[in-house]
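Take a look at the structure set out below.
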Amino acid sequence: MRIVIAEDSAVVRAGLVEILADRGHEVLAAVGDGASLLAAVEAHRPDVAVVDVRMPPGYTDEGLRAAIAIRRAHPGTGVLVFSQYIETRYAADLLGAAPGGGAAGVGYLLKDRVADVGEFVEALARVATGGTALDPEVVTQLIGASRRAIGLAALTARERDVLALMAEGRSNGAIAGILVVSERSVEKHVANIFAKLDLAPSDADNRRVLAVLRYLGPA
Amino acid sequence: MQVPEGDVPAQESLLVRILIKRFLYRHPKAWGSAYLVAGGVHVFLGLILSAYGFWWGTGLIPIAALELWVAHRLLVAPLPLRVRQLEHSRARAVDDAAEMLRRIERDLHDGAQAQLLAVAMKLALAREKLAAAIGGTGPADLQRVFELVAAAHDGATVAITELRDLARGIHPPALDQGLGPALTTLAARSQVPVDLAVDVPERPSAAIETIAYFCAAELLTNVAKHSAARHAALEAVHTGGLLRIQVSDDGNGGARLDGHGGLSGLLDRVGTVDGKLRISSPPGGPTSVAVELPSRA
């Protein structure tokens, strides 16, 4: 992957460069603020940008705003945003940023997830190739806060597990791997979920994510 | 009654101002009692005079009314003023506390949290490499694993130091032993040599000690950062219900309250307990900043 990193903490930035370089990925630029990020994306046209939400000068949501700008200007560039705390609103802002809204090439993870290098790089690869990666905590919050509790109650425990993984952006194959079941039975669960929640079935992973999020979301 | 900016006009009578202001200034808690006693006397006189007024003719009634008016001025009129001052200082205390929490959160986020995240990343890499080497699926690059573990160890050590410094910034452990030991430690850590004189025979309340300590810390930091001084002096004297902290230096002066800097922060903090801040810092120096705090908050 060709990657641009924006993270204001020098030690975390160096750590990210190290783990990505170690896996043979190409880090084109590693910067410390939103404006430099936009310039770097403009100059290098990377596959994916890794963006910390809180950066100078205001240390609020500069990174998120830069990420949204990248989504608008370069829909082909994946954006993986990470932050110290999960804000469900940030996820909604990101997903709504692309023209027409979409979950393709978007990721939003808790910053601590980079400590699990394997999972992090996998999520990054998913986002770089037009997939989706949402933090399990975002999904848990969405499910917990969902006003569609009655619809969700109709799901079996296993179906709820599948729904949560689906909302994180995992493919059927990945879900089968995590739950240690066959891909065939995951497909069956997914079909049941879509039927019970009255959602239009979809093959593309990110459209599926979007459908699930729309269902769970406050709208 | 001494909000340091003097943004609330004083309303006490000329007599009170001349005779007892100086005393009351040094003993803030005496304000209430003095007003109460004086007010009580005037109420008493007013009532006696009006009672005699009915016997001796109405000539005394205006004097009685005047007495009651004076009593009102002493007992009731100062209250709204004091309430406003307390509202001011409470708002500043709340802002101060919120600002401190924000600063702690930022320090944790930028410091120990970031360090530990980097440590975890390095250990994750080292672990993967070891797992691959043990499982026979990758090269046994022990040198690289060693470097990763060594870097992680360094990072953890830095994080420990940062956490310790942060904890000390929230509450310095030396302060538990009293202001003397705490200020000794503080002076010893200063980059500019500090002459220390502590005369605190009786301990002020814990809140006052904490404010005094952080004032001294801030002032010494200012000396090191801004004054280009070669020498500083730190004096703490506790006498007659008043704790006085004074920091002076032989630097280039020019320190002033400009509404944003560290000195304004000090003024706010000192104001929450009715303390005072005095600055003498002509261009070219020397600089002397004195903080006066009541013994108890």
Exercise for the section: Would you work out which of B:Leu186, B:Pro283, B:Tyr213 lies farthest towards the positive end of the dipole of the stretch B:174-294? Charges go on Cβ: Lys and Arg +1, Asp and Glu -1. Expected result: B:Pro283
Practice task
On a 0 to 90° scale, report how tilted helix B:78-108 is relative to the longest principal axis of chain B, with both axes built from alpha carbons and the result rounded to the nearest 10.
Solution key: 0 degrees
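Provide the packing ranking of A:106-116, B:71-81, B:282-292, A:58-68, i.e. peptides ordered by the mean count of other C-beta atoms within 10 Å per residue, highest first.
Working: A:106-116: 22.2, B:71-81: 15.5, B:282-292: 17.4, A:58-68: 20.3.
Result, highest mean first: A:106-116, A:58-68, B:282-292, B:71-81.
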Fill in the blank from the handout: Note on chain B: contact order normalised by length, alpha-carbon pairs under 8 Å, 6 or more apart, percent, works out to 16 percent
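For n ≥ 4 DSSP H runs only, could you compute -39500 (n - 2.57) per run for chain B, divide by its residues and tell me the 222 nm figure to the nearest 500?
Numbers: 9 runs with 175 residues, N = 297.
It comes out at -20000 deg cm²/dmol, rounded to the nearest 500.
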Practice task
Please find, in a Gaussian network model of chain B (springs between Cα atoms separated by less than 10 Å), the residue of B:Ala65, B:Ala38, B:Ala131 whose mean-square fluctuation is greatest.
Solution key: B:Ala131
Handout entry: Summed side-chain charge close to B:Leu101 - residues other than B:Leu101 whose Cβ falls under 14 Å, Lys, Arg +1, Asp, Glu -1
Key = -2
Fill in the blank from the handout: In terms of the alpha carbon gyration tensor, root eigenvalues a ≥ b ≥ c, rounded if a/c is under 1.5 and otherwise prolate when a/b exceeds b/c or oblate, the stretch B:174-294 is oblate
Exercise for the section: For B:Leu75 paired with B:Ser295, estimate the spin-label separation in nm (one decimal), with each label point 7 Å from Cα along the Cα-to-Cβ line. Expected result: 3.0 nm
Problem - Of A:Lys111/A:Lys196; B:Lys225/B:Lys276; A:Lys111/B:Lys225, pairs whose Cα-Cα distance is over 27 Å - result: A:Lys111/A:Lys196; A:Lys111/B:Lys225
Practice task
Add +1 for every Lys or Arg and -1 for every Asp or Glu among the other residues with Cβ under 13 Å from the Cβ of B:Gly178, and state the total.
Solution key: -3
Practice task
Mind giving me the nanometre distance, one decimal, between the label points for A:Ala204 and B:Lys225, set 7 Å out from Cα along Cα→Cβ?
Solution key: 5.3 nm
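Partner chain Cβ atoms within 10 Å, averaged over the residues of A:106-115 - can you pull that number for me?
Numbers: counts 0, 0, 0, 0, 0, 4, 4, 1, 5, 9.
Mean inter-chain Cβ contacts per residue within 10 Å come to 2.
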Completion exercise
Taking placed amide H atoms and a strict 5 Å upper bound, the residues 5 or more places from A:Val48 or on another chain that come that close are A:Arg2, A:Val4, A:Gly78
Exercise for the section: Would you mind computing, in nm to one decimal, how far apart the modelled labels at B:Arg164 and B:Asp195 are, each placed 7 Å from Cα along Cα→Cβ? Expected result: 3.2 nm
Handout entry: With Cα atoms, 0 to 90° folded angle of helix B:262-271 axis to chain B main axis
Key = 50 degrees
Problem - For residues of B:119-125, the mean tally of beta carbons on other chains within 10 Å - result: 6
Problem - Computed helical MRE - 222 nm, chain A, DSSP H runs ≥ 4 contributing -39500 (n - 2.57), nearest 500 - result: -16000 deg cm²/dmol
Handout entry: the protein assembly as shown shape via C-alpha gyration tensor axes, a/c threshold 1.5
Key = prolate
Completion exercise
With the dipole of the stretch A:139-216 defined by +1 on each Lys or Arg Cβ and -1 on each Asp or Glu Cβ, the option from A:Ala149, A:Leu213, A:Val162 whose Cα lies farthest towards the positive pole is A:Ala149
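With contacts defined as alpha carbon pairs under 8 Å and 6 or more residues apart, what's the relative contact order of chain A in percent?
Working: 375 pairs, mean separation 32.5, N = 219.
The normalised contact order for chain A reaches 15 percent.
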Fill in the blank from the handout: Rounded to the nearest 10 degrees, the helix A:10-22 long axis (Cα) sits at an angle to the longest Cα principal axis of chain A of 70 degrees
Completion exercise
Check: C-alpha center the stretch B:234-297 vs C-alpha center the stretch B:135-203, spacing in Å is 28 Å
Exercise for the section: Calculate the mean, over all residues of peptide A:18-28, of how many other protein chain Cβ atoms lie within 10 angstrom of the residue's Cβ. Expected result: 2
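Tally Lys/Arg at +1 and Asp/Glu at -1 over every other residue whose Cβ is under 11 Å from the Cβ of A:Val106; what's the total?
Working: positive: A:Arg71, A:Arg126; negative: A:Asp93.
So the surrounding residues net to +1.
Values quoted throughout were computed directly from the atomic coordinates according to the rules given, and no laboratory measurement underlies them. Being a predicted model, the structure only gives us computed values, none of them experimental. Reconstructed Cβ throughout: ideal geometry from the backbone, glycine too, with neighbour counts over all protein chains shown.
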